[in-house]
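Any read-out appearing in this document is the output of simple, stated calculations on the displayed coordinates, not a laboratory observation. Computed from a predicted model, the values in this text were never measured in an experiment. Please note: Cβ atoms are built from the backbone with ideal geometry, for glycine as well, and neighbour counts cover all protein chains shown.
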């Protein structure tokens, strides 16, 4: 039995806290609001995100950072990507040497273009060999409900990846391992942008063919960027690539797809933020991903038009027309 610290008590953090506890570990969740702590500790649920879903007794919560991290063998991070650096600065003094940091976050830091493992390494000085990334087709509500799911744990240190694999394996949650951190993080971040595009198409009423087009070509442009950044091409055909992309683009539970659908129906970005009421990482990460693509000389037309819609420099309808009017190319090209 391991001691697992989880920051924080959002939907994905809560779902994975349940997974680690169901795998036989003692889990302490950090929450900022006392009412959330009280609900987890006394009613064994997080009513903000999963009302009616019972959390196992192995999940406890507190507002005290030092208590969460005390003796933790695994530190699981699930916070909005753009707030990670500030949060790490606050929590850094309390992390103990030897703790394995597990990143659940799927975003790119806007100001630096860094992946989440790079932000952790730069801010805390934690060796990359102690930073694991968990990514895959994991809709939080389904995982919290104990429905079958699988994921990939990426870490340069195979033994660390294997240890995390054991710590979160349950009858309903099956983790695999890989050493391709770049591919897993890039796939997880880029799929949010493609899901925004699919949501836009849904809101515009463009049909299933358009959605399939966006998913397929979105995977192609993500894989092109991945290849340019040194990722393993096979990653993008696996759970952290195609698997995550399909789930995020197809499910009404997806925040990014939902956000895009609001835009497609004519909402402004501000209105879509209020209507979605949860963080849609693709809204912030799209600019950083597009910047990475331009740095590496890679064309990402879907990411480009999504960014233009988010920046209000084009409309959803004009974005769709722009994609369809691009010059013809072979299906497989390297630009």
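Quick notes on this one:
- Segment 298-335 residues near the modelled residue 227 label - backbone nitrogen below 17 Å, point 7 Å along Cα→Cβ: 298-302, 329-335
- Footprinting exposure proxy for 34, 18 (fewest neighbouring C-beta atoms within 10 Å first): 34, 18
- Residues 28, 16, 229, sorted so that the one with the fewest Cβ neighbours within 10 Å comes first: 229, 28, 16
- Estimated FRET transfer efficiency when R0 is 51 angstrom, pair residue 1-residue 216 (beta carbons, to 0.05): 0.70
- Dimensionless Rg over Rh [the chain; C-alpha; Kirkwood]: 0.96
- Note: segment 141-229, Cα convex hull, 105 Å³ per residue.
- Principal axis extents of the C-alpha atoms in segment 3-179 (largest first, rounded to whole Å): 39, 32, 30.
- Rounded Å value of the spacing that divides the Cα centres of segment 307-322 and segment 3-43: 39
- In plain terms, the residue of 324, 300 with the fewest other Cβ atoms within 10 Å comes first and the most crowded comes last, giving 324, 300.
- Between 322, 197, 86, the residue with the greatest mean-square fluctuation in the GNM of the chain (Cα pairs under 10 Å linked by springs) is 86.
- Solution diffusion estimate, µm²/s, Stokes-Einstein, segment 18-60, Kirkwood Rh from C-alpha pairs, 10 °C, viscosity 1.306 mPa s: 154
- Extension gain, residue 129 to residue 38, is 29.2 nm, computed as 0.36 nm per intervening residue step minus the present C-alpha separation.
- Distance (nanometres) between label positions extended 7 Å along Cα→Cβ at residue 112 and residue 291: 1.2
- Beta bridges assigned by DSSP with both partners in segment 42-196 are antiparallel in approximately 25 percent of cases.
- Counting only DSSP beta bridges with both residues in the chain, the antiparallel share comes to about 15 percent.
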